[in-house]
1. Within segment 1-43, restricting attention to residues that are among the polar types (S, T, N, Q) and closer than 12 Å to ARG90 by Cβ, which residue is modelled with the highest pLDDT?
2. Does ASP137 satisfy the condition of being of a type outside the set (A, V, I, L, M, F, W, C), surrounded by fewer than 19 Cβ atoms within 10 Å (Cβ to Cβ), at pLDDT below 85 and part of a loop (DSSP other than H, G, I, E, B)?
3. Working only within segment 164-191, note down all residues that are modelled with pLDDT of 75 or more, outside any strand (DSSP E or B) and within 21 Å of CYS76 (Cα to Cα).
4. State which residue is nearest to the chain's Cα centre (by Cα) when the search covers only segment 95-132 and only residues that are free of Cβ contacts under 8 Å to residues at least 24 places away in the same chain and in a strand (DSSP E or B).
5. Step by step: first the residues of segment 274-285, then only those that are part of a loop (DSSP other than H, G, I, E, B) and at negative phi, then the one that is surrounded by the fewest Cβ atoms within 10 Å (Cβ to Cβ). Which residue is that?
6. List the pairs whose first member sits in segment 38-57 and is outside the structural domain of ILE73 (by TED's automatic domain parsing) and surrounded by fewer than 20 Cβ atoms within 10 Å (Cβ to Cβ), whose second member is of a type outside the set (S, T, N, Q) and in a loop (DSSP other than H, G, I, E, B), and whose Cβ atoms are under 9 Å apart, counting only residues at least 6 apart or on separate chains?
7. For MET142, indicate whether it is of a type in the set (A, V, I, L, M), in contact with a Lys or Arg (Cβ under 8 Å, 6 or more places away or on another chain) and under 23 Å from PRO237 (Cα atoms).
Amino acid sequence: MQNAITDGAGDSMIFAAKLLKSERITPESSREEVRRLVFHTDNRYFDCKVGSCIRVLAPGQYGNPYHARFYSIADCEQPDDAAEFEICVRRCFYIDDASGEEYEGVASTYLCDLKPGSVIKFSGPVGYPFVVPENPDANLLMIGMGTGVAPFRGLIRMIYEKHGGWQGKVRLFHGSRTGLESLYMNDVNNDIGNYFDQPTFKAFQAVSPRPVFNAPIALDKVVEQNAAEVWEIVNSPDSCIYVAGMKQMLGMIDNAMAGIAGSPDAWLSKRNEMAAAGRWLEVLY
């Protein structure tokens, strides 16, 4: 594996990683293709943490050397001077404003088409990792939408496997267009289901009420339906709230929380209080 180098601006390091595994984690019958990619890098400068983001440098277009996109680290291991990490990638498409034609996303297509043994370039990590509280009695609330739920896979595994169990409540709210397209609640990859026998863990799934018409995923409704428990976790000592996904989801969460708190001002005050104490942790892109 090649050594770290600097980019053209000289202010960030570029690493190389080899693809070890690429597997589809949504069913073949789903129109949404989401893949789990596992990479290995032997560069000792790369500090791998669940919840951080890497900046993948896909081959560029129109004379640009790179086409950069951020992806959050869903899981990682870092023995000695090497690191093995995974990301989740959804094959994306976009509509050209001028022509109205549909085109494949540059970075997502590049990553989804990679074969094991291929080498990517990337920089990072950036962003705030999801730190696990020292107190195993702390209550944890995780909210993720789409591929934003990916970091919670590693976080949940860390809590129940590496920490030897968790006494506090662990509540996961996650959303997808339909139940078939959910990243972890299907027959192909039932990761979260592996923790259903843990007495402190519960998962709540939200789907779009009208997926054919691209209606928003009703994650806020599921949060509101569990308002009492959500508010109990928010106000309990040492609790942590983890949020991951597209930036647009934050407004949805804020609206739901404002209703639970009694007003937008009351919720903003509570969220700022938690952020100042390091108890509100978000990775938005």
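1. First, pick out the residues of segment 1-43 that are among the polar types (S, T, N, Q): 2-3, 6, 12, 22, 26, 29-30, 41, 43.
Still in the running and closer than 12 Å to ARG90 by Cβ: 26, 30.
Working: THR26: 82, SER30: 78.
Only one residue fits best here, namely THR26.
2. Values: of a type outside the set (A, V, I, L, M, F, W, C): yes; surrounded by fewer than 19 Cβ atoms within 10 Å (Cβ to Cβ): yes; at pLDDT below 85: no; part of a loop (DSSP other than H, G, I, E, B): yes.
For ASP137, the condition - of a type outside the set (A, V, I, L, M, F, W, C), surrounded by fewer than 19 Cβ atoms within 10 Å (Cβ to Cβ), at pLDDT below 85 and part of a loop (DSSP other than H, G, I, E, B) - is not met.
3. So the first thing to find is which residues in segment 164-191 are modelled with pLDDT of 75 or more, and the list is 165-174.
Restricting the remaining residues to those that are outside any strand (DSSP E or B) gives 165-169.
Across segment 164-191, the qualifying residues are GLY165, TRP166.
4. Across segment 95-132, the extreme among qualifying residues is GLU104.
5. Of the residues in segment 274-285, the ones part of a loop (DSSP other than H, G, I, E, B) are 277-279, 285.
From what's left, at negative phi: 277, 279, 285.
Details: ALA277: 11, ARG279: 20, TYR285: 14.
If we take residues in segment 274-285 being part of a loop (DSSP other than H, G, I, E, B) and at negative phi, then ALA277 is surrounded by the fewest Cβ atoms within 10 Å (Cβ to Cβ).
6. Pairs that qualify, where the first residue is outside the structural domain of ILE73 (by TED's automatic domain parsing) and surrounded by fewer than 20 Cβ atoms within 10 Å (Cβ to Cβ) and the partner is of a type outside the set (S, T, N, Q) and in a loop (DSSP other than H, G, I, E, B): there are none.
7. On the way: of a type in the set (A, V, I, L, M): yes; in contact with a Lys or Arg (Cβ under 8 Å, 6 or more places away or on another chain): yes; under 23 Å from PRO237 (Cα atoms): yes.
Answer is yes for this residue.
The values are calculated or read from the model by the stated rules, or taken from the named source; none is laboratory data. Please read these numbers as outputs of a predicted model, since none were measured by experiment. A quick note on method: Cβ atoms are made from the backbone with ideal geometry, for glycine too, and the neighbour counts reach across all protein chains shown.
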